[in-house]
1. Compute the normalised compactness of the chain: alpha-carbon radius of gyration over 2.2 N^0.38 Å, N being the residue count.
2. Dimensions of region 210-252 along principal axes (Cα, Å, largest first)?
3. Rounded if a/c is under 1.5, else prolate if a/b is larger than b/c, else oblate: which is region 113-214, with a ≥ b ≥ c the root eigenvalues of its Cα gyration tensor?
4. I need to check one value: relative contact order of region 74-184, counting alpha carbon pairs closer than 8 Å and at least 6 residues apart, in percent.
5. How are the Cα pair distances of region 279-420 distributed, in percent, across 10 Å bins from 0?
6. Which length gain, in nm to one decimal place, applies between Gln176 and Thr510 when the Cα-Cα distance is subtracted from 0.36 nm times their residue separation?
7. So what's the angle, to the nearest 10 degrees on a 0 to 90 scale, between helix 169-200 and the longest Cα principal axis of the chain?
8. Leaving out ligands, DNA and RNA, and with a 1.4 Å probe, what % of the accessible surface on region 381-431 is carbon or sulfur?
Amino acid sequence: MEPLYQYAWLVAALPLAGAMLVGLGLISLNKATNGLRKLNASFIVSLLGAAMGLSFALLWSQIHGHEAYTRTFEWAAAGNFHLRMGYTIDHLTALMLVIVTTVAFLVMIYTDGYMAHDPGYVRFYAYLSLFSSSMLGLVISPNLVQIYIFWELVGMCSYLLVGFWYDRKAAADACQKAFVVNRVGDFGLLLGILGLYWATGSFEFDVIGAHLNAFVESGILSASLAALFAVLVFLGPVAKSAQFPLHVWLPDAMEGPTPISALIHAATMVAAGVFLIARMYPVFDGIPLVMNVIAWTGAFTAFLGASIAITQNDIKKGLAYSTISQLGYMVMAMGIGAYSAGLFHLMTHAYFKAMLFLGSGSVIHGMEEVVGHDPVLAQDMRMMGGLRKFMPITSLTFLIGTLAISGIPPFAGFWSKDEILGSAFGANPALWLIGWSTAGLTAFYMFRMYFSTFEGEFRGNNQEIRHQLKAAVGEPLPAFGPGAMDIKELAHEAAHDHHHSEFPHESPLTMTLPLLLLAVPSTLIGLVGMPFNNYFEEFIHPAGEAMTEVVAEAEAFNLNEFLIMGGNSVGIALIGITLASLMYLRGKISPKEIANKIRPLYEFSLNKWHIDDLYHNVFVISLRRIARQIMEVDYRVVDGAVNLTGFFTLVSGEGLKYLENGRAQFYALIVFAAVLGLVIVSGIT
């Protein structure tokens with residue numbers, strides 16, 4: 001199996017090669033490259049498929065006991081400083097490679113149907129391939145410096161993809177917001193990396209963890225300084241994985257095409273933050289203060305995301321806040337020491353959240369046939385309803401994803417979420433209470449989403465609702481969305497007064513097939529982590545923890561404890577589902593009446609806790625005022641000094657040019673006068 005590991009770098013290199021070749025084609029032969037749409041897409045998907053096959057082979061090898069493999073070369077050296085680059089394959093890497101490649105592969109297949117009529121079809125595939133390559137490069141990185149390089153590449157790709165429809169102001173603003181917010185976290189990460197190198201003299205994960213703990217215990221390094229460095233590193237995952245207070249970019253990122261929303265939320269950008277926490281776990285685990293910060297940040301973010309999701313009407317925004325909440329669970333798990341539980345939920349969430357986002361894209365694709373190319377109407381759940389009979393495959397897969405994220409057994413989300421809640425109860429009952437109540441909110445808002453979208457009567461043809469929504473948002477937005485037409489096509493459609501379909505229809509096979517394939521792991525993959533037979537924990541245990549400890553923990557399984565904890569989590573989920581059905585399926589309870597009775601709380605949730613407004617007033621407006629003041633200083637002082645210097649030069653030049661007459665006697669007279677003046681002045685002094 002050694003040759004397999006020697007060529008493991010191809011997992012990241014293959015999609016990178018696809019992105020580079022297609023990108024060069026777009027730059028040099030744009031028209032010809034865009035003309036070969038299907039060929040370019042097939043080329044990129046095939047390369048990622050090869051990377052996926054290699055990833056499965058590596059995972060299979062790791063499952064069967066192959067030792068971790070690291071291959072590096074010296075990249076830079078100066079005196080005692082040596083920086084090595086390369087790749088590493090271990091249990092964590094192999095698992096993440098499979099998650100990223102499988103989700104990205106299915107997203108790329110789905111993209112063919114979703115972006116079928118988009119003029120940027122080929123460019124989108126090139127971006128997707130580069131994005132996948134960046135994440136895969138991050139996963140196989142053997143040290144913090146290489147992780148940081150790919151970390152920034154992942155951020156760059158998200159900027160390109162979120163702002164893919166850059167002609168639309170909302171998309172342009174969203175990608176800028178994502179870029180700026182992530183710069184805050186990335187700056188903290190960079191400071192933390194430099195601090196850890198200063199303290200330990202290494203960028204290697206195992207060396208940093210061992211040295212840092214040893215130095216703190218011996219008193220060479222203060223515990224508070226070590227905690228500061230660790231918290232600074234944690235700022236990177238706070239931004240990338242959208243944890244409070246740097247979560248605000250992720251919902252706005254929904255302005256990008258839905259395939260990239262699925263990829264960001266399931267297997268790339270937001271997963272990178274949790275992955276880095278897992279990689280740095282030997283460092284964090286030795287500092288209790290940092291572990292508490294991580295745990296409480298995750299718990300608060302989980303509740304925050306769920307509390308906002310319950311009032312969102314945009315189907316993609318609702319799923320975005322759902323992702324924030326689920327990431328909070330993962331981060332909380334890492335903070336309480338439930339390493340394998342956090343990664344287990346990362347894996348299960350990747351599949352059912354990818355399916356949910358792709359399902360929402362299928363819904364939007366179908367709604368556009370009815371409401372036209374208006375993303376506000378096509379994504380608003382108040383315009384939907386009754387889609388189950390028109391889109392049965394999308395409806396079924398969306399229901400499976402909803403059951404999985406709600407924690408209903410035997411679907412995948414139950415096993416991973418229940419393991420986190422069980423660990424939280426043992427670590428801190430207050431954290432368990434937050435996670436448990438969040439589970440109820442999750443079931444409520446997800447079934448609210450399902451019932452509003454797929455059950456009841458179809459509302460897409462209701463002109464009264466349509467006019468109300470348009471009046472609420474003002475002028476309709478320009479046409480950008482799934483299968484968005486070329487400007488000429490839109491003009492032709494408007495000129496001939498084409499009518500849209502009366503009802504939506506099921507999406508094409510390229511979109512429904514990935515949904516059906518993702519439904520399989522969303523249903524069954526949780527079975528590998530059942531607490532009474534936890535193969536996942538045996539495989540993914542953290543570095544430094546002996547296998548005997550893992551086996552001992554597995555043997556300590558208590559059936560009564562599992563039934564009580566599992567029953568509690570399922571019970572609160574069933575309460576949330578029941579409330580959602582009474583309000584949005586049977587109509588026994590009026591959501592409007594409840595909203596009116598608790599209007600302040602409703603407005604608080606609908607306006608996202610006013611956090612975005614606070615940031616806008618404190619940072620955006622304040623920084624603009626400061627920028628204007630700096631501009632005034634630059635204009636009046638800096639430019640004024642430069643302009644004044646130029647003015648004096650001009651005036652003096654104009655005056656002195658009359659002294660240049662070409663007569664030697666006149667020049668001698670000037671020299672004599674100057675010398676006489678100097679003599680007089682020196683005599684006076």
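1. The reported ratio for this selection is 1.14.
2. 47, 17, 8
3. It is oblate, given that a/c is not under 1.5 and a/b is not larger than b/c.
4. So the answer I get is 22 percent.
5. Binned Cα distances yield the sequence 12, 36, 29, 16, 6, 1.
6. 117.1 nm
7. 80
8. 71
The values are calculated or read from the model by the stated rules, or taken from the named source; none is laboratory data. Because the structure is predicted, anything quoted here is derived from the model rather than measured. A quick note on method: Cβ atoms are made from the backbone with ideal geometry, for glycine too, and the neighbour counts reach across all protein chains shown. Note: areas computed on protein heavy atoms with side chains; ligands, DNA, RNA excluded. Shrake-Rupley method; radii C 1.70, N 1.55, O 1.52, S 1.80 Å.
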